[in-house]
1. Once you treat every alpha carbon in the stretch 341-389 as an equal point and sum by Debye, what is log10 I(q)/I(0) at q = 0.18, 0.25 Å⁻¹?
2. Local charge sum around L94 (other residues, Cβ-Cβ under 12 Å, Lys/Arg +1, Asp/Glu -1)?
3. Assuming 1.306 mPa s and 10 °C, estimate D for the stretch 23-107 with Stokes-Einstein, Rh taken as the Kirkwood radius over Cα pairs, in µm²/s.
4. Would you work out the relative contact order for the chain, in percent, from Cα pairs under 8 angstrom that are 6 or more residues apart?
5. Taking the chain as a Gaussian network, Cα atoms linked when under 10 Å apart, which of T137, T69, T45 shows the biggest mean-square fluctuation?
6. Can you return the aspartates and glutamates within cross-link range of K125? Criterion is Cα-Cα under 17 Å, with same-chain partners fewer than 8 residues away left out.
7. What list of ³J(HN,Hα) couplings, whole Hz, do you get for the stretch 323-332 from phi and the Karplus terms 6.51, -1.76, 1.60, once you set θ to phi - 60° and write x for glycine and proline?
8. Mind telling me which of Q203, Q311, Q123 comes out most flexible in a GNM of the chain, alpha-carbon contacts under 10 Å?
Amino acid sequence: MPLALYALTVGAFGIGVTEFVIMGLLLQVSADLGVSIPQAGLLMTGYALGVFVGAPILTIATRRLPRKTTLLVLMAIFTIGNIAAALAPTYGLLMAARIVTALAHGTFFGVGSLVAVSLVPPQRKASAIAIMFTGLTLATLLGVPFGSWLGLAYGWRATFWAVGAIGLIAFAVLAALVPREKDVAQPGPLREEFAVLARPQVQMGLVMTVLGFGGVFAVFTYIQPILTELAGFSKEAVSPILLVFGAGLVGGNLVGGRWADKALAPALLGTLAILTVVLVASAFGFHDRIGAVVAAFGLGAAAFATVAPLQMRVLSQAGGAGQGLASSLNIAAFNLGNAFGAWLGGAVIAHGPGLAAVPLVAAAVPLSALALAAFSLSVERRALRVAAL
């Protein structure tokens, strides 16, 4: 794999840390800013909604720029947003800073996906996307536990200062290693790009992504209180367990990418089915210390095994004009799922059966994604049979 692909991984690492690290800081932010744990969890929801809004807006705004320039502009926005979060004196301003940071997220991964697949042969496209998304998995494996420890030792603001420094490093690596396009193709009319969103298969792919990740983040957003209140771990033990979760992410992400390269449809159905089963099992596993560690690893592996199949499904159905917009919108869909999951988990905790029921309720969400995927593939097969007649 070319070095430029790993430069994208570094950028993905920085963005992944700032997205996920708040989940290891919920108790500290809650205590320092005088808000409840569900309110602190909404910082994840706010970030995810920022991604959802920012992805189409910034994708359209930067459509005439070279892809490398776009990536650098987005990383600069990301860095400024994290510095603002470190300086935020109130919950409202912290939320605003999180949203500013999030604006760059969807377009970075959308444009980055297109750059990644352009760097490799056709039979390696899903693996290239998986390698870029390895930055997210490594962020969870290394960045989030370190950020959680840093926040516990020196305060949550220190974590955001550190993430801002990661943004500066990522900017430098992207500037040095990502090649500039020799010929920048001028985009077609906006109506041609938006036309891709009218395709039913693209629409179903985006909904699958929302539902697939909604179940994951209903649990992961509240992983700190789940581990401390259900499994009986201390706050200090959360960071090492997040390392286990991150190890699952790395393995699941790479396996999902290779599976999607070999057979996209079976990979799509298989990874969503496995995720559903793991969430059901974790409802029981999180009540025991050993079971909680196993559940954390399994949840990480199952969650990110779905990433490459879901992203490739949308890219394969978009094609041509509008592929960049569809790619960015699918990243936005991942984060809309994150926002929905964080809200769902908070609702179950605050108004429903409580923290212990979150994984079981969450399992229904990827199960619905699995049903939609099966329907989408059946419609596609039927259309191909009709076209062959």
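The values are calculated or read from the model by the stated rules, or taken from the named source; none is laboratory data. No experiment lies behind these values; they were computed from the predicted model shown. When we count neighbours, we look across all protein chains shown, and the Cβ atoms used for this are built from the backbone with ideal geometry, even at glycine. To get the accessible areas, we keep the full protein, side chains included, count just its heavy atoms, and leave off ligands, DNA and RNA. Shrake-Rupley method; radii C 1.70, N 1.55, O 1.52, S 1.80 Å.
1. These q points yield log10 I(q)/I(0) values of -0.62, -0.84.
2. Here the charged neighbours net out to +1.
3. In µm²/s, the coefficient rounds to 118.
4. 26 percent
5. Result for the chain, Cα springs under 10 Å: T69 fluctuates most.
6. D261
7. My calculation for the stretch 323-332 gives 5, x, 5, 5, 4, 5, 5, 5, 5, 4 Hz in order.
8. Q123
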